[in-house]
Amino acid sequence: MFNVLVVDDSLTVRAIIEQLLEGEKDFRVVGSADSVVAAREMIEKFVPSVIILDLAMPGIDGFAFLDELAGHPHAPVLVVSSHTTWGSSAETEAIERGAKACFDKAELVRHGKSFVALVRKAVNNTATLDRA
């Protein structure tokens, strides 16, 4: 069983991600954080297998959090953001800062199976910039 932590300031997006993963026998969403501050506490408490992270959040953004995580052992990070469209500079920057892969938030509902496959690849440390 892989424990998933979802970090996004949008309650709707967190709910969509949870719904996509709840039907998968090997995933369990153990935490849903609306900020980096909340995510820090949940990482210590739940020790997730994978972190799903938005970039655009109030306060500390996803890029700063990726930088923070880089200094410590941590679960693989899959960035899910409207800024990380295929080939975007934000996608490249997120990967350079330590994300295993990125997924365009606008595609979650339409390409949910691809998203789940990419989460699975991130957990198994086989994610790349290639789409699932």
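The values are calculated or read from the model by the stated rules, or taken from the named source; none is laboratory data. Computed from a predicted structure; not experimentally measured. Cβ atoms come from the backbone with ideal geometry, glycine included; neighbour counts cover every protein chain shown.
A few remarks follow.
- Pair list, Cβ < 8 Å and 6+ apart or interchain, from segment 108-124 residues that are under 13 Å from Val77 (Cβ atoms) to residues that are assigned to a helix (DSSP H, G or I): Val119/Leu21
- Out of Lys25, Lys121, one residue alone is among the basic types (Lys, Arg), in a loop (DSSP other than H, G, I, E, B) and surrounded by fewer than 21 Cβ atoms within 10 Å (Cβ to Cβ). It is Lys25.
- Any chance Phe63 is within 15 Å of Asp8 (Cβ to Cβ) and aromatic (Phe, Trp, Tyr): yes
- Hey, Glu93 among the charged types (D, E, K, R), surrounded by fewer than 18 Cβ atoms within 10 Å (Cβ to Cβ) and free of Cβ contacts under 8 Å to residues at least 24 places away in the same chain or not: no
- Here Cys102 passes the criteria (1) outside any helix (DSSP H, G or I); (2) touching a residue at least 40 places away in the same chain (Cβ under 8 Å); (3) among the hydrophobic types (A, V, I, L, M, F, W, C) except the one numbered (2).
- Residues in segment 55-80 that are of a type in the set (Gly, Ala, Ser) and part of a loop (DSSP other than H, G, I, E, B) were compared, and the one that is farthest from Asn124 (Cα to Cα) is Gly59.
- Selection over segment 1-22 of residues that are surrounded by fewer than 13 Cβ atoms within 10 Å (Cβ to Cβ) and either part of a loop (DSSP other than H, G, I, E, B) or of a type in the set (Phe, Trp, Tyr) (or both) gives a count of 1.
- A residue that is at positive phi, in contact with a His (Cβ under 9 Å, 6 or more places away or on another chain) and not aliphatic (A, V, I, L, M) can be found somewhere in segment 92-104.
- Test set (1) out of contact with any Asp or Glu (no Cβ under 8 Å at 6 or more places or on another chain); (2) modelled with pLDDT under 95; (3) surrounded by fewer than 15 Cβ atoms within 10 Å (Cβ to Cβ) - Pro58 fails condition number: (1)
- Every pair of residues 6+ apart whose Cβ atoms lie under 7 Å, when the first sits in segment 46-72 and is touching a residue at least 24 places away in the same chain (Cβ under 8 Å) while the second is hydroxyl-bearing (Ser, Thr, Tyr) and in a helix (DSSP H, G or I): none
- All conditions in (1) farther than 19 Å from Ala117 by Cα; (2) of a type outside the set (Asp, Glu); (3) free of Cβ contacts under 8 Å to residues at least 24 places away in the same chain hold for Gln19, with the sole exception of (1).
- Failed item, numbered, when Val109 is tested on (1) buried (at least 17 other Cβ atoms within 10 Å of the Cβ); (2) more than 18 Å from Arg28 (Cα to Cα); (3) touching a helix residue (DSSP H, G or I) at 6+ places or on another chain (Cβ under 7 Å): (1)
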